[in-house]
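The values are calculated or read from the model by the stated rules, or taken from the named source; none is laboratory data. Note that this is a predicted model, so its numbers are computed, not measured. Using ideal geometry, Cβ is built from the backbone for each residue, glycine included, and neighbour counts are taken over all protein chains shown.
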Amino acid sequence: MLLCYLHRVTGEEQWLDAAKRAADSLVKAQNPNASWPHHWMLEAQVGVSARGPVHLGV
């Protein structure tokens, strides 16, 4: 929301672009069942649950 607000106040496209990238990252991290992973493995670009399975939530 801060990035969207900065775009609104300044009119600079860099803030809107950053907000879009942040939203894309959140959507990518969320599991298909709408849950959230325990942590994100940067190298594999995948969320992992506390028990180990990928894309199953905590």
So the check is Cβ under 8 Å with 6+ separation or different chains; which pairs have a first residue in region 32-58 that's polar (S, T, N, Q) and a second one that's modelled with pLDDT of 75 or more? Gln45/Lys28; Ser49/Pro37; Ser49/His38
For region 21-42, enumerate the residues that are surrounded by 12 or more Cβ atoms within 10 Å (Cβ to Cβ) and under 23 Å from Cys4 (Cα atoms). Ala22, Ala23, Ala29, Gln30
Note: among Glu43, Glu12, just one is at negative phi and either touching a helix residue (DSSP H, G or I) at 6+ places or on another chain (Cβ under 7 Å) or modelled with pLDDT of 95 or more (or both), namely Glu12
Output the number of residues of region 1-31 satisfying the condition of being in contact (Cβ under 8 Å) with a residue 12 or more places away in the chain and of a type in the set (Lys, Arg). 1
Please tell me if Ala50 is surrounded by fewer than 12 Cβ atoms within 10 Å (Cβ to Cβ) and on the phi < 0 side of the Ramachandran plot. yes
